[in-house]
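Peer 1: Below are the structure tokens for one structure; questions will follow.
The values are calculated or read from the model by the stated rules, or taken from the named source; none is laboratory data. Nothing here was measured: the structure is a model prediction, and the numbers come from that model. With ideal geometry, Cβ positions are generated from the backbone for all residues, glycine too; neighbour counts draw on all protein chains shown. Accessible surface is based on the protein model in full, side chains and every heavy atom, while ligands, DNA and RNA are left aside. Shrake-Rupley method; radii C 1.70, N 1.55, O 1.52, S 1.80 Å.
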Amino acid sequence: MSMSTPDSALGATLAAAREHLDTILDRGRLHYADIAPAADPVDEPSGTGAPTTPAHVDLTLVRRAALFASTGINRDGTFADPQTEVLADLGRDLRKYGIGTGHYAAIGEAATAAITEVFGCPDPGTDLTYRHAEELGIPEGVTELLQVVDHAVRIAALGAVEDEEAGVPATLPATVLEVEQRTRRVTVVRLAADLTRPKANTGWPGQYLEVRSAHSPDSWRKLASAIPPNPDGYLEFHLSHPAGDTPVVAAGDTWVVANPTGSLEVPEDARQVLMVAVDDGLAALRALVLDLSSRQNRPQVHLYWSAENPEDLHEQVGLEGFDRGFDWFTFSVGTATDAVADAALNAGASYDTILVAGTDTAALADLPGTPRVVT
């Protein structure tokens, strides 16, 4: 049975589901807790700081994926390619919480129960056929929504299956080697991830890792390493924090890393590259610069770095050293406005690649071309 057009009953039901999405997710979480099998084993952080407790699934991940997926539903009930990729990535990402292929039957049941509760319909259970839904008196739009959600759950499960069958570890332990407080608001932590497991990796330069530590064991933090991935698994994270609120971490602690994501990169054919780092966005770009130093053919790179507090330009001396040592690299301490002015002065023509990384890139909207923004 093909899906209805966007202005059909499904369209109206989707609009209602988006409006009540938080309620659906909350009820789904409760149903899942009642029927889910035990979580798959994953690495846990240890060391100084708060006692380690299991990390609970961040429903904002599911919420974002659900909202995006709802914008790309084909008439036959499948999803467009970008939506399919996001759903598959969700399945891969959830593995760090111990949710693997054996959990998706329960996820599907919980989602069906939550949706039918919110829409005041009988729960068809695992029998999601149109005939059974009609017998139960479930409206057509809700029936189609249940079918779409069931398909979305199956795609997420396939993402988990692909990584599991490929032997990709869901998580990796990383041992803290050194802790250095650079400024009142920046602490540098150097670690070594365990890459002895088959298929273990920490991504590629410019990517972000999900990181969990003993001082914040109930959540995952997205961090970029300031050095490129390497065979020894060395990582360097630059942690931003309120002044005086230094993270409680010491050499010998175990952190956990997972799920390298992001596509910030310098193309092989790039010749003139403008990089703009805002606050702690520097780490990803610094890793790219170091990676470029090992290439035979390197583009000309100009890096701007700005920080809300000038004293937090903790890597300025090192970058000025790069500037002196690399004839293809120049570095400036400058604001986003300076970068815009630079690009405008050159009419964007001299920069074939513009890379932006940081938490506040709104001021860079006027940059010519299409910058890749990492937030």
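Peer 1: Go ahead and set up a Gaussian network model of the chain, Cα springs under 10 Å, then flag whichever of Gly141, Gly120, Gly98 fluctuates most.
Peer 2: Ranking Gly141, Gly120, Gly98 by mean-square fluctuation puts Gly120 first.
Peer 1: Determine ³J(HN,Hα), in whole Hz, for all residues of region 291-300 in sequence, where each value follows from phi through the Karplus function 6.51 cos²θ - 1.76 cosθ + 1.60 and θ = phi - 60°; x replaces Gly and Pro.
Peer 2: Per residue, the Karplus-derived 3J(HN,Hα) values read 5, 4, 5, 8, 7, 6, 9, 10, x, 6 Hz.
Peer 1: Further question on the same structure: Measuring from the lowest to the highest alpha carbon on each principal axis, how far does region 100-158 reach, largest first, in angstroms?
Peer 2: Its Cα atoms span 34, 17, 15 Å along the three principal axes.
Peer 1: Let me ask another. Given the options Ala270, Ala160, Ala250, which has the most mean-square fluctuation in a GNM of the chain, springs set between C-alpha atoms less than 10 angstrom apart?
Peer 2: Maximum fluctuation in the GNM of the chain, among the listed residues, is at Ala270.
Peer 1: Follow-up question, since we're still on this one. Please work out the Kirkwood hydrodynamic radius for the chain, using every pair of different C-alpha atoms, and report it in angstroms with one decimal place.
Peer 2: With all distinct Cα pairs of the chain included, I get 22.9 Å.
Peer 1: Report the per residue volume, in Å³, of the convex hull enclosing the C-alpha atoms of region 157-292.
Peer 2: 127
Peer 1: Can you give me the % of accessible surface on the chain that is carbon or sulfur? Probe 1.4 Å, all protein chains present, nothing else counted.
Peer 2: After summing per-atom areas, the C and S share lands at 52 percent.
Peer 1: Then there is this: Which value, in Å², gives the accessible area per residue of region 23-127 when a 1.4 Å probe is used on the protein heavy atoms?
Peer 2: Averaged over the residues of region 23-127, the accessible area is 50 Å².
Peer 1: So, one more: Quick one: which residues, 5+ away or cross-chain, put their amide H under 5 Å from the amide H of Tyr234? H built at 1.01 Å from N.
Peer 2: Ala193
Peer 1: Then there is this: Just subtract the alpha-carbon distance of Ala105 and His215 from 0.36 nm times their residue separation and send over the number in nm, one decimal.
Peer 2: 36.2 nm
Peer 1: Using the Karplus equation 6.51 cos²θ - 1.76 cosθ + 1.60 (θ = phi - 60°), what ³J(HN,Hα) coupling, rounded to whole Hz, does each residue of region 193-209 give in order, writing x for Gly and Pro?
Peer 2: Running phi through 6.51 cos²θ - 1.76 cosθ + 1.60 with θ = phi - 60° gives 7, 7, 9, 6, 6, x, 6, 5, 7, 10, x, 10, x, x, 7, 9, 10 Hz.
Peer 1: Also, quick follow-up: Going 7 Å from the Cα of Ser294 along its beta-carbon direction, which residues of region 306-327 have the amide nitrogen within less than 18 Å of the resulting point?
Peer 2: 326
Peer 1: Using the Karplus equation 6.51 cos²θ - 1.76 cosθ + 1.60 (θ = phi - 60°), what ³J(HN,Hα) coupling, rounded to whole Hz, does each residue of region 183-191 give in order, writing x for Gly and Pro?
Peer 2: Rounded to whole hertz, the list is 9, 5, 10, 9, 10, 9, 10, 10, 9.
Peer 1: In deg cm²/dmol and to the nearest 500, what is the mean residue ellipticity at 222 nm of the chain if only DSSP H runs of at least 4 residues count, each as -39500 (n - 2.57), divided by the residue total?
Peer 2: My calculation for the chain gives -11000 deg cm²/dmol from helical runs alone.
Peer 1: Here's something else I'd like to know. Restricting the count to DSSP beta bridges whose residues both fall in the chain, what percent are antiparallel, rounded to a multiple of 5?
Peer 2: Here the share of antiparallel DSSP bridges comes out near 60 percent.
Peer 1: A further question follows. Grab the alpha carbons of region 63-210, take their convex hull, and tell me the volume per residue in Å³.
Peer 2: 155
Peer 1: How far is the Cα center of region 67-98 from the Cα center of region 234-280, in Å?
Peer 2: After rounding, the separation between the Cα centres reads 27 Å.
Peer 1: Along the Cα→Cβ direction, 7 angstrom out, place labels at Glu308 and Arg182. What is the inter-label distance in nm?
Peer 2: Between Glu308 and Arg182, the label points sit 1.7 nm apart.
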